[in-house]
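Structure record follows, encoded as structure tokens.
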Amino acid sequence: MKLINKPSQLRALFCSILLLLEFAFVAAEDPYRFFDWTITYGDIYPLGVKQQGILINGQFPGPEIYSVTNDNLIINVHNNLTEPFLLSWNGVQQRRNSYQDGVYGTTCPIPPGKNFTYTLQVKDQIGSFFYFPSLAFHKAAGGFGAIKILSRPRIPVPFPDPAGDFSLLIGDWYQINHKKLQSVLDFGHKLPFPQAVLINGRPSGTTFTAIQGKTYRLRISNVGLQNTLNFRIQGHDMKLVEVEGTHTIQTTYSSLDVHVGQSYSVLITADQAPKDYYIVVSTRFTNKILTSTAILHYSNSLQSVSGPILGGPTTQIDWSIKQARSIRTNLTASGPRPNPQGSYHYGLINISRTITLVSSAAQVNGKQRYAVNSVSFRPADTPLKLADYFNIGRVFQVGSIPDSPSGRPMYLDTSVMGADFRAFVEIVFQNHENIIQSWHIDGYSFWVVGMDGGVWTPNSRNQYNLRDAVSRSTTQVYPKSWTAIYMALDNVGMWNVRSEFWARQYLGQQFYLRVYSPVGSIRDEYPIPKNAILCGKVAGRTTR
């Protein structure tokens with residue numbers, strides 16, 4: 001063996017080794033996808049009349065985020081509005097990274113004329129989600145778009161690759177300016193009934209082209225403000241394959257209830273006569289039914305859409321509950337990792353804590369408010385996560401919302417519930433009201449183990465699904481009913497628990513779950529971002 005003993009040779013060898021190590025590190029790192037978005041106001045005409053909308057790069061709805069499991073998403077957001085702005089990522093779990101969640105409890109708003117770069121990783125996730133503006137009442141003006149997270153190529157998906165993959169953003173819509181809607185709430189009133197339902201920003205005319213005989217994936221997200229919507233396609237059945245990151249048992253439905261904040265993936269096959277067919281979306285559980293349509297266009301179509309618009313269910317709650325219970329996890333399918341989704345036996349884990357959350361509506365100081373366990377959330381002057389990091393007192397108090405109803409009259413507070421890292425909890429959403437509700441938890445997916453009418457009791461656990469309940473991040477609670485979930489608290493951070501009815505969220509029906517680890521290790525939670533905007537009581541401090 002020839003020895004290397006000259007300094008120049010040693011230096012060359014050392015540099016070669018460093019280069020190889022650096023190359024190996026870069027090659028092993030997950031891919032980066034870069035987005036540069038400019039937020040502006042602009043004229044939009046969803047209902048044929050000019051109104052002010054929030055545009056992203058001039059688009060309404062905003063651009064779709066296309067990604068693959070574990071991708072790093074670098075999203076530079078330029079706020080050209082005249083007011084602060086934030087984007088949140090509905091269903092993206094932000095593993096160990098609640099600083100990037102984009103709600104006011106975790107992140108300072110982007111000031112007018114400034115920019116902020118979100119650094120997200122869709123760590124160990126697949127599925128269909130969406131983003132939206134989380135401040136004020138911006139969500140009523142647009143600024144939302146689809147998020148599509150595909151499985152890595154080596155991970156099997158439990159259905160053949162579709163011929164196309166379409167995102168459909170559906171939601172109720174107001175012709176009223178979003179600032180006027182916010183003023184209605186600020187003055188203590190309830191919102192009026194919306195004017196329309198939109199499909200990808202339009203009440204009619206959006207067209208999706210299919211080749212006869214081919215199968216397509218439709219990703220449906222309800223980005224609206226308050227109404228459950230029923231989705232159906234004239235002459236075509238839908239095979240449900242994914243719900244918010246979970247592959248489901250592939251059940252066929254003629255129509256599907258999509259509650260506010262929820263996302264579904266269905267497969268449809270263009271196996272009918274070559275013509276155009278209605279895609280129909282209509283409100284559920286409302287006295288007045290709003291209906292909008294899009295078009296499924298066969299590429300060899302011989303006829304435009306015709307016949308009556310396909311009717312759907314209206315106020316039938318039992319029908320909807322039965323459908324919800326039929327949505328279950330496909331235990332033989334791989335998730336974002338190459339192992340079956342059912343390998344995590346949630347039903348065999350001991351519950352360490354039961355939390356009962358009761359929603360309510362009442363007048364406080366003569367104004368309409370909404371609450372959880374009697375506490376109507378009042379935002380602090382500083383994002384809670386930042387106050388926690390810098391150890392700023394008097395911003396919030398852990399335990400300012402109880403684990404169960406207190407019986408107190410409704411009151412205002414900056415409600416934060418403490419929770420231990422790696423606890424396994426049962427959460428019961430109890431709805432005593434006559435409306436359907438929808439609840440979302442940031443940073444997590446959870447198992448929807450049971451739902452039924454009446455009041456939950458410990459005996460209700462006898463009917464739980466402890467084998468293949470669907471795992472998701474948003475769940476509905478039917479009128480005068482309860483919904484129970486199991487959740488493994490494996491994600492340290494400050495996480496928003498909220499009503500997806502945006503007026504209720506705005507008027508207090510939310511709180512924050514502080515999942516805490518005393519270790520303070522970067523294995524449990526990433527450090528505060530270097531570019532974090534600092535405001536309120538943490539203004540002027542440094543992030544490193």
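Okay, helix-only estimate at 222 nm for the chain: each DSSP H run of n ≥ 4 adds -39500 (n - 2.57), divide by all residues, round to 500 deg cm²/dmol; what do you get?
So the helix-based figure for the chain works out to -3000 deg cm²/dmol.
Nothing charged except the Cβ atoms of Lys and Arg (+1) and of Asp and Glu (-1): what's the magnitude of the dipole of the chain about its Cα centre? Round to the nearest 20 debye. Working shown, then result.
Details: 49 positive and 35 negative charges, 125 e Å.
With Lys and Arg at +1 and Asp and Glu at -1, about 600 debye.
Suppose all protein chains stay in the model; what accessible area per residue would a 1.4 Å probe give for the chain, in Å²? All intermediate terms of the calculation are to be shown ahead of the outcome.
Values: 22590 Å² over 544 residues.
Each residue of the chain exposes 42 Å² on average to a 1.4 Å probe.
Using per-residue counts of other Cβ atoms within 10 Å, averaged over each peptide, order 455-468, 387-400 from highest down. Don't skip to the answer; put the middle values down first.
Details: 455-468: 13.6, 387-400: 15.2.
In descending order of packing, they fall as 387-400, 455-468.
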- Note on the structure: Whole-percent carbon and sulfur contribution to the accessible surface of the chain (1.4 Å, no ligands, DNA or RNA) stands at 53
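Taking every DSSP beta bridge that has both residues in region 164-326, what percent is antiparallel when rounded to the nearest 5?
So the antiparallel bridges amount to about 75 percent of the total.
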- Task: With a 10 Å radius around each residue's Cβ, average the other Cβ atoms per peptide and rank 69-81, 95-107, highest first.
- Result: 95-107, 69-81
- Item | Alpha-carbon centroids, region 317-377 and region 69-91: separation in whole Å | 26
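Could you sort out which of K179/K537; K190/K322; K179/K530; K123/K148; K139/K530 sit more than 22 Å apart by Cα distance in this structure? Working shown, then result.
On the way: K179/K537 27 Å; K190/K322 31 Å; K179/K530 33 Å; K123/K148 13 Å; K139/K530 28 Å.
K179/K537; K190/K322; K179/K530; K139/K530, as the Cα separations exceed 22 Å there.
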- Message: Can you tell me what share of the DSSP beta bridges in the chain is antiparallel? A percent to the nearest 5 is fine.
- Response: 70
- Note on the structure: Highest mean packing first, using Cβ neighbours within 10 angstrom, the peptides 422-433, 205-216 sort as 422-433, 205-216
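The values are calculated or read from the model by the stated rules, or taken from the named source; none is laboratory data. What you see is a predicted model; the values in this text were computed from it and never measured. For neighbour counting, all protein chains shown are included, and Cβ atoms are generated from backbone atoms with ideal geometry for every residue, glycine included. Remember, those area values only see protein heavy atoms, side chains included, never the ligands or the DNA or RNA. Shrake-Rupley method; radii C 1.70, N 1.55, O 1.52, S 1.80 Å.
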